[in-house]
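Notes for the one structure printed next.
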Amino acid sequence: MTHDHDLVLRPTAAQTEAALNPPPGRTGGDLVVESLAALGATTVFGLPGQHALAVFDALRRSDLRYIGLRVENNAGFAADAYGRITGEAAPLLLSTGPGALTSLAALQEARAASAPVLAICSQVPTAGLGGGRHGHLHELPDQAASFRGVVKSVHTARTQSQIPSAIAEAWTSALTVPHGPVWVEIPQDVLLAETSIPVVSGGDTFPEELPPRPELTAVAADLLTRAERPAIVAGGGVVRADAAKKLRQLAERLQAPVVTTYGGKGAFPWTHPLSLQSWLEDRHTTDFLEDADVLLVVGSGLGELSSNYHTFAPRGRVIQIEAELGKLESNHPALGIHADARLALQALLETVGERTDPAAPERVSGVLDKVRARIAAQDLTLEQDVLAAVRKALPARAPSFWDMTILAYWAWSAFDAKAPNTMHSAQGAGGLGYAFPAALGAAAADPTHPVLAVSGDGGALYSVAELATARQYGLNVTWLIVDDGGYGILREYMTDAFGQPTATDLPGPDFVALAESFGVPGVRTSPETLETDLAKALAAPGPSVVVLPAVLRTFAPTHTE
């Protein structure tokens, strides 16, 4: 009797010949590059460094496309966006010590946003490992320890024969739900040494699926079918699982209003009669969700930004579908279902009953009317006009990437993403400098649409070096920089908390002249001409910069009331 797991693929004669006579001049770096290609990688991001030069030399002998950024953290952001857009693991090539550590903030964002990034880093020579102080350049006592609390998993290869398996294991980890960044490190001498190992050709990996437990979905379906006032919170897990259509089918069957989190933008149609949009930082929305007798939370941990800064206190029964086990019931007691959003929603669609609730759209519009009235009372016409101009200028299917800046905070709540997986921000970890390098990664992933990056002047200064990258590779990214002469949101926070700001004003460069010095077209715009100037820049091939000098304000919070 033969079992499937007993079957072994036998090499062809050509494969045997190639294995017995591998090309000369290959090194451990070639094993890294060949492993990536065998797994299906086509594009890699990173920066060369002394200990990792063998990997970059091997790229010269491969068909992999290399996108080289100027700062490791920015390379991490680019890989993050590539992973978000494609759903594939994005290789990130780093070098030992300072180069590796510079990527930490980007890897934290990738972990928070469940972006599949495969970071491959060099190490000091094997003789220098073990925590001793040998004085090697870039030496750390335990480099991997710096990353264990940030990435999803850590993998090490200490010999050349370990390289293909370590990279395959990391690739599988990155793409197993929940997706996330992973870490592989290999000593310099292992990368540099010539190898007689055959060219890596086998690269099939099978990330495990995460189906829901059927007894839990049966209970959830019963609760939702019998609910009088069901509601749904759709998080980033819905977008990552490509489950927006299933979410819409379930919401319509249940006649359940849906609010999308900031990470879940686009998971539900913005203008749908059941759409509460994304006004999570608003007491009217919070009150509505608290009043639900059954609240279905899909792909969200109901963290700080998704719970109106932890002021949300549900009174009904909560059902939480979440792929990351540690997020289940981490903030609220719930019927916790550890599962991929797509598989769990499909299970509910197969078991839930149909509800009729003609009043549901009216209740939704009532909440949105209250939200609009609250915003209208705050004299924030400029901010709303600027955001509307961005939406009108940006093609519907074009992705956008937003830094931690006041206009992005508006966009979290008020921007219609038009489609799933088109609006991304750094709200997972909340670091500055995300938007522009991430947009470059997205443009590398899909050159068929223009890509928009939105930054403040403070965040832009983290990323200006990547204007050289945009120009070098001709990436189709338009960078909107809202210049208010400082860290605008921190200026607001400090003024509200302490009466006056400190260390928030930033005398900055002429961003248009700076862009042009890199060979990138730049234009200074105004709120009145923003839509036209931005649309023109987005329509032109290659990179461009649009600078909007403006002091914007955020809308008043409700979590302090």
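Some observations on this one:
- Residues in region 48-63 that are open to solvent by less than 20 Å² (accessible area, probe 1.4 Å) and assigned to a loop (DSSP other than H, G, I, E, B): Gly49 alone.
- Among the residues of region 66-88, those identified as closer than 16 Å to Cys121 by Cα and small (Gly, Ala, Ser) are Gly68, Ala75, Gly76, Ala79.
Matching residues to (1) touching a residue at least 24 places away in the same chain (Cβ under 8 Å); (2) under 18 Å from His559 (Cα atoms):
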| site | (1), (2) |
| --- | --- |
| Gly301 | yes, no |
| Ala313 | no, yes |
| Glu329 | no, no |
| His332 | yes, yes |
| Leu345 | yes, no |
| Val352 | yes, no |
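- From Ala19, Ala41, Ala37, residue being at pLDDT 95 or above and part of a helix (DSSP H, G or I): Ala37
- Entirely in region 485-554, the helices (runs of 4 or more DSSP H) that have 3 or more residues that are at pLDDT below 95 and within 23 Å of Val390 (Cβ to Cβ): 488-498
- Residues (in a loop (DSSP other than H, G, I, E, B) and of a type in the set (A, V, I, L, M)) located in region 257-281: Ala267, Leu274, Leu276, Leu280
- Residue check: Ala389 meets all listed conditions (1) surrounded by fewer than 17 Cβ atoms within 10 Å (Cβ to Cβ); (2) in contact (Cβ under 8 Å) with a residue 24 or more places away in the chain; (3) assigned to a helix (DSSP H, G or I) but one, namely (1).
- The one condition from (1) among the hydrophobic types (A, V, I, L, M, F, W, C); (2) part of a helix (DSSP H, G or I); (3) touching a residue at least 24 places away in the same chain (Cβ under 8 Å) that Ala373 does not meet is (3).
- Of all residues in region 456-487 being among the charged types (D, E, K, R) and open to solvent by 10 Å² or more (accessible area, probe 1.4 Å), the one that is nearest to Gly433 (Cα to Cα): Asp483
- First in region 457-477 and on the phi > 0 side of the Ramachandran plot, second anywhere and at pLDDT 95 or above and open to solvent by 10 Å² or more (accessible area, probe 1.4 Å), Cβ under 7 Å, 6 or more apart: Gly474/Gly542
- Pair list, Cβ < 6 Å and 6+ apart or interchain, from region 93-104 residues that are in contact (Cβ under 8 Å) with a residue 60 or more places away in the chain to residues that are of a type outside the set (A, V, I, L, M) and surrounded by fewer than 24 Cβ atoms within 10 Å (Cβ to Cβ): Thr96/His138
- Residue check, Ala503 in contact with a strand residue (DSSP E or B) (Cβ under 8 Å, 6 or more places away or on another chain), farther than 19 Å from Thr554 by Cα, free of Cβ contacts under 8 Å to residues at least 24 places away in the same chain and open to solvent by 10 Å² or more (accessible area, probe 1.4 Å): no
- When residues in region 506-522 are screened for being within 20 Å of Ala443 (Cβ to Cβ), buried (at least 16 other Cβ atoms within 10 Å of the Cβ) and in contact with a Lys or Arg (Cβ under 9 Å, 6 or more places away or on another chain), 3 of them pass.
- Members of region 228-252 that are assigned to a loop (DSSP other than H, G, I, E, B) and surrounded by fewer than 21 Cβ atoms within 10 Å (Cβ to Cβ): Glu228, Arg229, Asp242
Conditions tested, residue by residue: (1) assigned to a helix (DSSP H, G or I); (2) buried (at least 23 other Cβ atoms within 10 Å of the Cβ); (3) in contact with a helix residue (DSSP H, G or I) (Cβ under 8 Å, 6 or more places away or on another chain).
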{"site": "Asp80", "(1), (2), (3)": "yes, yes, yes"}
{"site": "Leu101", "(1), (2), (3)": "yes, no, yes"}
{"site": "His136", "(1), (2), (3)": "no, no, yes"}
{"site": "Val151", "(1), (2), (3)": "no, yes, yes"}
{"site": "Val154", "(1), (2), (3)": "no, no, yes"}
{"site": "Ser165", "(1), (2), (3)": "yes, no, no"}
{"site": "Gly180", "(1), (2), (3)": "no, yes, yes"}
{"site": "Ser196", "(1), (2), (3)": "no, no, no"}
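- Neighbours by Cβ (under 8 Å, 6+ apart or cross-chain): first from region 238-249, on the phi > 0 side of the Ramachandran plot; second among the small types (Gly, Ala, Ser): Asp242/Gly87
- Those residues of region 116-144 which are within 29 Å of the chain's Cα centre (by Cα) and either modelled with pLDDT of 95 or more or of a type in the set (Asp, Glu) (or both), in sequence order: Pro116, Val117, Leu118, Ala119, Ile120, Cys121, Ser122, Asp142
- Taking region 282-357 as the region of interest, the strands (runs of 3 or more DSSP E) fully inside it that hold 1 or more residues being surrounded by fewer than 22 Cβ atoms within 10 Å (Cβ to Cβ) are 317-322, 335-338.
- Per-region count, region 268-290, residues under 17 Å from Trp410 (Cα atoms) and in contact with a strand residue (DSSP E or B) (Cβ under 9 Å, 6 or more places away or on another chain): 7
- Test result for Val190, surrounded by fewer than 19 Cβ atoms within 10 Å (Cβ to Cβ) and assigned to a helix (DSSP H, G or I): no
- Hits in region 167-178 (condition: part of a helix (DSSP H, G or I) and of a type in the set (A, V, I, L, M, F, W, C)): Ile167, Ala168, Ala170, Trp171, Ala174, Leu175
- Qualifying residue in region 465-472 (condition: at pLDDT 95 or above, part of a loop (DSSP other than H, G, I, E, B) and out of contact with any strand residue (DSSP E or B) (no Cβ under 7 Å at 6 or more places or on another chain)): yes
- Region 201-219, residues that are among the small types (Gly, Ala, Ser) and either in a helix (DSSP H, G or I) or in contact with a Lys or Arg (Cβ under 8 Å, 6 or more places away or on another chain) (or both): Ala218
- Residues in region 18-46 that are out of contact with any Phe, Trp or Tyr (no Cβ under 6 Å at 6 or more places or on another chain), within 17 Å of Val117 (Cα to Cα) and surrounded by 21 or more Cβ atoms within 10 Å (Cβ to Cβ): Val32, Val33, Ser35, Leu36, Ala41, Phe45, Gly46.
- Selection from region 388-437 of residues that are of a type in the set (A, V, I, L, M) and in contact with a Lys or Arg (Cβ under 8 Å, 6 or more places away or on another chain): Ala396, Ile406, Ala417, Ala419, Met423, Ala429
The values are calculated or read from the model by the stated rules, or taken from the named source; none is laboratory data. Quantities reported herein were computed from a predicted structural model and do not represent experimental measurements. Cβ coordinates were reconstructed from backbone atoms using ideal geometry, including for glycine residues, and neighbour counts include every protein chain displayed. Note: accessible area is taken over every heavy atom of the protein model, side chains too, but ligands, DNA and RNA are not part of it. Shrake-Rupley method; radii C 1.70, N 1.55, O 1.52, S 1.80 Å.
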